[in-house]
Every structure is written in C-alpha cells, then in structure tokens.
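See below for the structure under consideration.
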Amino acid sequence: MYGNAGTDVLLGDLGNDILDSGSDNDYLYGGFGNDTLTGGSGNDSLYGYGGSSSGERDILTGGTGADTFALGNNAFGTKVAYIGDGNSGYATITDFDGTQSDKVQLGGGISDYTVNYSNVTGTSALDTNLYHKGDLIAVFQDDTSFSLINDTVF
C-alpha cells in the first residue's frame, strides 16, 4: 500500500503487509504479520506490531526526518510490543538516526530495558539490540549509536 503527498494514515491488517507512505508526516500501522513499513521523507510514526502474533518480525524504515518508532507506550497502562517471544519476535529498525531526532517510543520505564551489541541482521557490522526484561524487542541494524537515555520517549 502506498501513500501520496500529504499526511497519510496507512493501515495494514492480517498477513505480511508492505506500507510505503512517501513524503510528509505520516502514520503507518502494520498490524499482525511480518510487515515492512517505510516512512519516506517527513516526520513519520511507525507502528509495526499487531498485538499478539508469536514470532512477529517487522522491518521499520523511517527515511529522512525526525521519525518515531513505536515499540510501546504508557497510555491506558503499560504496553510493550514484541514481548513474550524471547528472541523470536522483534522489530528491525534499518535507519535509526538520533542526529535527525529519531526517537523510539517505549512503555514502562527506562530500568525495564537493556541493550547489547552483536550482529543479528544486515551486514557484518554490529547491531544495537534492545531488550525489555530479557525479551529482544528491537534490532537497530548496522548501528551502535542508539542511546536509551537520549533516544527514547515514554
């Protein structure tokens, strides 16, 4: 599914969706399944996770602009995506750039999260791996610049 110029809201559904919003400030919701979300230019918000798909693996690419990669929130109680699967379900964030004011939206508190560095996806470069209480929830592909302190919102 492709968006046009202007602010778009793209909604995936069951299955493996490909959503590409194009330009401007857009909202992409992947839903259930292994989705690929691409924000393009503008300040985009990407929500890959559908809610209860075991082993769900989504690919999130924000593009240029200050993008938000939503992996949880604290609205109406704490919500965290990709938990309960150990290391089998997570989001791969392909182009995180804190210098463009990209942010990761999380649920709970900072003490619930840890990071480590290893090669999980992409080239042989190190990835930043984000864990919530031992469950892998995100891999920042070929990137070690992500900071829990500077690059998150709750």
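The values are calculated or read from the model by the stated rules, or taken from the named source; none is laboratory data. These figures come from a predicted structure and were not determined experimentally. Methodologically, a virtual Cβ is constructed for each residue, glycine included, from the backbone with ideal geometry; neighbour enumeration extends over all protein chains shown.
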Item to check | Which listed residue, of Asp58, Asp85, is at pLDDT below 95 and of a type in the set (D, E, K, R) | outcome: Asp85
Checklist entry - In this structure, does Ala70 turn out to be under 11 Å from Gly107 (Cα atoms), at pLDDT 95 or above, crowded, with 19+ Cβ neighbours inside 10 Å and of a type in the set (Gly, Ala, Ser)? => result yes
Checklist outcome for this item: Here the residues within region 133-148 that are assigned to a strand (DSSP E or B) and surrounded by fewer than 21 Cβ atoms within 10 Å (Cβ to Cβ) are Asp135, Leu136
Checklist entry - Take the residues of region 19-31 that are part of a strand (DSSP E or B) and hydroxyl-bearing (Ser, Thr, Tyr): which is nearest to the chain's Cα centre (by Cα)? => result Tyr29
Next on the checklist: Among the listed residues Asn34, Asn87, identify the single one that is within 21 Å of Gln141 (Cα to Cα) and more than 15 Å from the chain's Cα centre (by Cα).
Outcome noted: Asn87
Checklist entry - Restricting the search to region 116-134, which residues are at negative phi and more than 15 Å from the chain's Cα centre (by Cα)? => result Asn116, Tyr117, Ser118, Asn119, Val120, Thr123, Ser124, Ala125, Leu126
Checklist entry - Would you call Leu37 part of a strand (DSSP E or B), without any contact (Cβ under 8 Å) to a residue 24 or more places away in the chain and either crowded, with 17+ Cβ neighbours inside 10 Å or in contact with a Lys or Arg (Cβ under 8 Å, 6 or more places away or on another chain) (or both)? => result no
Checklist entry - Of all residues in region 98-133, which are small (Gly, Ala, Ser) and touching a residue at least 12 places away in the same chain (Cβ under 8 Å)? => result Gly98, Ser101, Gly107, Gly108, Gly109, Gly122, Ala125
Checklist entry - When region 46-76 is examined, which residues are found to be under 11 Å from Thr92 (Cα atoms) and of a type in the set (Ser, Thr, Tyr)? => result Thr61
Next on the checklist: For Ile18, only one of the following conditions fails: (1) at pLDDT below 95; (2) more than 23 Å from Asp135 (Cβ to Cβ). What is its number?
Outcome noted: (1)
